[in-house]
Amino acid sequence: MSDDVPDAGYDDFLDSLADGEPFYLEGPEGDGWLPPRRIDPETGLREFTREPLPETGEVLTMTVTNVAGPSFAADAPYLVAVAQFGPVRITGQLRGMDHEDVEIGQEVTLGVGTSEAGERLVVFEPA
Amino acid sequence: MTRVPIAGVGMTAFGRQSERTSRDLFAEAASEAYDDAGLAPEDVDEVFYGNFMGEIAERQGHSGPLAAEAAGVTAPATRVESACASSGVAVRHGVNRIRSGEADVVLVGGAERMTNLSTAEGTAGLATAADALWEIKAGVTFPGAYSLMANRYFHEYGGTREDLAHIAIKNHDNALENDLAQFQRSIDIDDVLTAPTVCSPFGLYDCSPMSDGGSAALLVSEAVAEDRGLGPDVAIVGSGQSSDRMALQDRASMARTPAAERAAETAYGDAGIGPDDVDIAEVHDCFTAAEVFAIEALGFYEAGEGIAAARRGETTIDGELPINLSGGLKAKGHPVGATGCGQISELTKLLRGDHVNSPAVADAEMGLTHNAGGTVASCVVNVLEVMG
């Protein structure tokens, strides 16, 4: 497995985020998902429309990671959060705030960042 | 409901034995199970073997036939991989095989070698049980994933690190006399609360350790048990399994474990019992908070009520519903692929009276195992009963 080969869907999402036009996939019943999706896991339906993500989201939970795997060893300690953007929840690292100041409910924006090892990842910043 | 007698069980000591291969660990557990059951390798019709990270730790895939070979068996052999639920699911496959009538004797179990890896390598290996795109690429570790759940639980229902600490203290106490446990030492609340933080809110003592170990059980049909005069004392009388979305972000709830709720409902229905009928349980406490999620999903407590059960003394060895009398994953150890069948081995001994903690639960007749994979994207629940 080469890290140079993109992951279709995931990297498309990061590209859209870097271009300032992030999207999600909306199923026929209004539920939202991140790519790649061909079948809605909730409804089993196969029709999606590409919808723009809201610009701000809200932190639902978070943790500060002190003991990391090799890919993020140089980033520790770092704060991972799950945030709600419209019908979609997204996992990323929250940057630009002191860790002890972050609380559930924090408003955040979404962007693309880079780990110390040079890998792209989803990052949140305070709105 | 067809009973599946457990003719014999075996489990290696769990702990740091870095030089031992998983095939050797499984062979030791299987040897003990043969002796316990009064059966031999040639009696085995099929093997289901749980292993999670053999490719990472030992550069070994395709370990079903390798495990069967190590156990002296030439029969259909399949590796079952369901992360930390691998051997619990292997047990369930064995149960289904016996019930279908296609096999009379099935060897189930699992093994894992972990401590030959560095902490960082092991952390990365365990993280592969999470979603590779949407979690691992964001830096989610396994303790991190459960920490996300724990912090959401605190937000929705309340609870404190002190509540969680009492779970760690309880499970260490339960393991004190268990010679198969990795940690046979007691800890106090200061030890837990002042330990280095792994991922907030978890300190070191909130986390199960990296472990090496193997486990095995011989499941048989009632006909074979009777014909061969095996006289097993305990049978599996109910089994259930369920799945959930892989990534926490796609779950209906991050503070509950719906897959465990569904698996429990199936297992209870299969056994014809309810949560009130369970006397003791071995649950998947890979982290202290995981025990809370488990006892709530199993219906022992309402959502938000399980957090302080250990602190109130309700799940301790002399409580109303003793949980993890083996020491649990927390103190007994957590060699991932061996854990689920290890719970079966320990619970079988607890129920039939030959576990060091059996005297404390001498009247127990109904027990349950809860084995989870990932952040409970997989869960299997098995119900065990003393055979009358």
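Residue A:59: surrounded by 13 or more Cβ atoms within 10 Å (Cβ to Cβ) and closer than 17 Å to residue A:125 by Cα, yes or no? Let's see the steps before the verdict.
Numbers: surrounded by 13 or more Cβ atoms within 10 Å (Cβ to Cβ): yes; closer than 17 Å to residue A:125 by Cα: yes.
So residue A:59 passes the test.
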Which condition from (1) surrounded by fewer than 24 Cβ atoms within 10 Å (Cβ to Cβ); (2) in contact (Cβ under 8 Å) with a residue 12 or more places away in the chain; (3) within 14 Å of another protein chain (Cβ to nearest Cβ) is the one that residue B:163 breaks? (3)
Of the listed residues (A:25, A:34, A:53), the one being of a type in the set (A, V, I, L, M, F, W, C), facing chain B (nearest Cβ under 8 Å), farther than 16 Å from residue B:145 by Cβ and in contact (Cβ under 8 Å) with a residue 12 or more places away in the chain is A:34
Between a residue in segment A:60-71 that is at the interface with chain B (Cβ under 7 Å from one of its Cβ atoms) and any residue that is outside any loop (DSSP other than H, G, I, E, B) and of a type in the set (Asp, Glu), which pairs come within a Cβ distance under 8 Å, given they are 6 or more apart or on different chains? A:69/B:121; A:70/B:121
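So which helices (runs of 4 or more DSSP H) are wholly in segment B:53-147 and hold at least 1 residues that are among the hydroxyl-bearing types (Ser, Thr, Tyr)?
Working: elements: B:54-57, B:63-70, B:86-100, B:119-127.
It comes to B:63-70, B:86-100, B:119-127.
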Failed criterion for residue A:124 (all others in (1) at the interface with another protein chain (Cβ under 9 Å from one of its Cβ atoms); (2) closer than 24 Å to residue A:8 by Cα; (3) surrounded by 21 or more Cβ atoms within 10 Å (Cβ to Cβ) hold): (1)
Any pair with Cβ under 6 angstrom, 6 or more apart, that starts in segment B:240-256 at a residue that is facing another protein chain (nearest Cβ under 9 Å) and more than 21 Å from residue A:35 (Cβ to Cβ) and ends at one that is hydrophobic (A, V, I, L, M, F, W, C) and crowded, with 22+ Cβ neighbours inside 10 Å: B:254/B:149; B:254/B:248
Working only within segment B:148-160, note down all residues that are more than 7 Å from chain A (Cβ to nearest Cβ), in a helix (DSSP H, G or I) and over 21 Å from the mean Cα position of the chain (by Cα). B:153, B:154, B:156, B:157
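Among the residues of segment B:195-226 satisfying the criterion of being acidic (Asp, Glu) and in contact with a Ser or Thr (Cβ under 9 Å, 6 or more places away or on another chain), which is nearest to the other protein chains (Cβ to nearest Cβ)? Walk me through it before giving the result.
Here is the first cut: in segment B:195-226, the ones acidic (Asp, Glu) are B:206, B:212, B:222, B:226.
Now restrict to residues that are in contact with a Ser or Thr (Cβ under 9 Å, 6 or more places away or on another chain): B:206, B:212, B:222.
Details: B:206: 12, B:212: 20, B:222: 39 Å.
The residue in question is B:206.
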Of the residues that make up segment A:91-113, is at least one at the interface with another protein chain (Cβ under 10 Å from one of its Cβ atoms), within 23 Å of residue B:198 (Cβ to Cβ), touching a residue at least 60 places away in the same chain (Cβ under 8 Å) and outside any strand (DSSP E or B)? no
Cβ-Cβ below 8 Å, separation at least six or inter-chain, first residue in segment B:346-362 and touching a residue at least 40 places away in the same chain (Cβ under 8 Å) and assigned to a helix (DSSP H, G or I), second buried (at least 19 other Cβ atoms within 10 Å of the Cβ) and acidic (Asp, Glu): which pairs? B:346/B:282; B:347/B:282; B:351/B:385
Listing of strands (runs of 3 or more DSSP E) fully contained in segment B:173-281 that carry 3 or more residues being surrounded by fewer than 24 Cβ atoms within 10 Å (Cβ to Cβ) and modelled with pLDDT of 95 or more: B:234-243
Which one is farthest from residue A:109 (Cα to Cα) among residues in segment A:1-41 that are in contact with a Gly (Cβ under 7 Å, 6 or more places away or on another chain) and of a type in the set (D, E, K, R)? A:40
Among the residues listed as A:114, A:91, the single one being surrounded by fewer than 20 Cβ atoms within 10 Å (Cβ to Cβ), of a type outside the set (A, V, I, L, M, F, W, C), within 28 Å of residue B:117 (Cα to Cα) and within 17 Å of the chain's Cα centre (by Cα): A:114
Just checking, does segment B:293-313 include any residue being free of Cβ contacts under 8 Å to residues at least 12 places away in the same chain and closer than 19 Å to residue B:380 by Cα? yes
Could you grab me the full set of residues in segment A:1-50 that are within 19 Å of the chain's Cα centre (by Cα) and on the phi > 0 side of the Ramachandran plot? A:9, A:20
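The values are calculated or read from the model by the stated rules, or taken from the named source; none is laboratory data. These numbers were taken from a predicted model, which means no experiment stands behind them. A quick note on method: Cβ atoms are made from the backbone with ideal geometry, for glycine too, and the neighbour counts reach across all protein chains shown.
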